[in-house]
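The next block holds one structure in the form of structure tokens; read it before the comments.
The values are calculated or read from the model by the stated rules, or taken from the named source; none is laboratory data. Keep in mind that this is a model prediction, so the values were computed, not measured. Here Cβ is always computed from backbone atoms with ideal geometry, including for glycine, and neighbour counts include all displayed protein chains. To get the accessible areas, we keep the full protein, side chains included, count just its heavy atoms, and leave off ligands, DNA and RNA. Shrake-Rupley method; radii C 1.70, N 1.55, O 1.52, S 1.80 Å.
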Amino acid sequence: MPALPRQTRASLQEFNTAPADEVRATLLTCLHSLRWAHRVAAHRPYPDLESLLAAADEAAYDLTAGDLTEALTGESLPDLPDGTYSAAHTALSAAHAAYEARFGHVFIIHLGDTPRAETLDRVLEGIRSRLANDPEEERVVASDQLRCLARSRLVTHLRGAGQYQSAAPPRGATSPNGATPGISQQPPPL
């Protein structure tokens, strides 16, 4: 197992020793599920980042349908790259509306290392392909996407780097560009 960067170790130490309420509040910015946040916080201290991420993954896999619904309500739509044409905004808005009408929650996707220039294509491709899913299959996919987003946000938080580049900020979060969460003509707060 590789050694953690010095900054991560210090942040992990702070995570392990911070008051439980503070840790749960931090965790809720990674995944808006009270059960998940309580479970991850309750198993502290974590000896290393890999152990924390494994516990976060396990807790995410155990989300009930109600927990998943709670977590999905805390998500917002990803921002679009700078310079995206209004026609693209219209197409994406229509795709999001179709998705929400079919599944009852916002579309989420973990974009990983997707270059900014490819974000729109990847999001549209994801929505179009996932609209073909049946509701139960989509709950599984959305749950996995939430797990990936939570994991990325948690790593980013512990490294002190701010929001994870490829993840949409949780609903209600503010972005550096001053836009409200959702679709924006500004690049995401990456």
Legend entry - Filter result for the condition that a residue is modelled with pLDDT under 95, part of a helix (DSSP H, G or I), within 25 Å of D144 (Cβ to Cβ) and touching a Ser or Thr at 6+ places or on another chain (Cβ under 7 Å), over D79, D67: D67
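When you scan region 82-114, how many residues do you find that are of a type in the set (G, A, S) and at pLDDT below 80? Reasoning before the result, please.
Going through region 82-114, the residues of a type in the set (G, A, S) turn out to be 83, 86-88, 91, 93-95, 97-98, 101, 104, 112.
Still in the running and at pLDDT below 80: 83, 86-88.
The qualifying residues number 4.
I'd like the full set of residues that are open to solvent by less than 30 Å² (accessible area, probe 1.4 Å) and in a helix (DSSP H, G or I), limited to region 121-142. Lay out the reasoning, then the answer.
First pass over region 121-142, keeping only residues open to solvent by less than 30 Å² (accessible area, probe 1.4 Å): 123-124, 126-127, 130, 133, 138, 142.
Hits for region 121-142 are V123, L124, G126, I127, R130, E138, A142.
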Legend entry - Matching residues, region 97-108, being over 20 Å from A65 (Cβ atoms) and buried (at least 19 other Cβ atoms within 10 Å of the Cβ): none
